[in-house]
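Structure record follows, encoded as structure tokens.
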């Protein structure tokens, strides 16, 4: 059994802390997330105090009707959609504790603090690096998530957006007769939402992402994690006999860190 869970959080946290302010326009937040290839960003006030976090999910849902710091006719800002129940952890805490809390809270990143001040983020992407380093050999089939939420490539973009929101997931696997051909994630949904209602009736194939990796269900986790780190992808599709069996994200790898296998 691997001892990776005993490693301090600081060994794997992302030290390049990207933050926004309460008054940062949501369009700038979206561009920042897209440019930095991250799924969420902490929100600080002018005193460097952590006020909340804004994720792709928050951008997809849009500003709340109440509690906005700007009138409805003004440009929406980070303070309009941020989630205030931010989970934090000290940098010297063991990685297993961070992974356990992320699983319990069903979150994909945890803010790392030093004496209460945010200094870094530990994300599920960092979890992939830890699994790779630990050379955890558990087969993919034992950690993958099933069933997989899918949508056929001929279905409309509007339907794909609606399914993402109603199911509360980060992405759908786009299939062609059951075979995986791409993914439709929150990022594609946010971009597609700006299209006209007529264009949103186009097939989801027109806007899906082709950035997918398919691996056999018997592949050891450390190799799966290696592909995720090298290719900078957040999910791997598990296949057998060319058919989709499950999906594994960095979130699923947290369980391997907790269990040590």
What per residue convex hull volume, in Å³, do the alpha-carbon atoms of region 140-259 yield? 95 Å³
Extent along principal axes [Cα atoms of region 37-160; Å; largest to smallest]: 54, 51, 23
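Taking neighbour counts of Cβ atoms within 10 Å as a proxy for exposure, in what order, fewest first, do 228, 144 appear?
Values: 228 25, 144 20.
Result, fewest neighbours first: 144, 228.
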Helix-derived mean residue ellipticity, 222 nm - over the chain, DSSP H n ≥ 4, -39500 (n - 2.57), to 500: -9000 deg cm²/dmol
Rounded to the nearest 5, the percent of DSSP beta bridges in the chain running antiparallel is 75 percent
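Regarding the chain, what's the average projected area of the Cα-atom convex hull, expressed in nm²? Mind dumping the intermediate values first?
Values: hull surface 55.7 nm².
Taking a quarter of the hull surface, the average projection is 13.9 nm².
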Normalised per residue, the volume inside the convex hull of the alpha-carbon atoms of region 120-208 in Å³ amounts to 122 Å³
Whole-angstrom gap from region 167-186 to region 206-261, using each part's C-alpha centre: 14 Å
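Taken together, the values in this text are just the output of simple stated rules run on the coordinates, not laboratory data. Note that the structure is a prediction, hence the values are computed from the model and not measured. Heads up, the Cβs are rebuilt from the backbone with ideal geometry, glycines too, and the neighbour counts pull from every protein chain shown.
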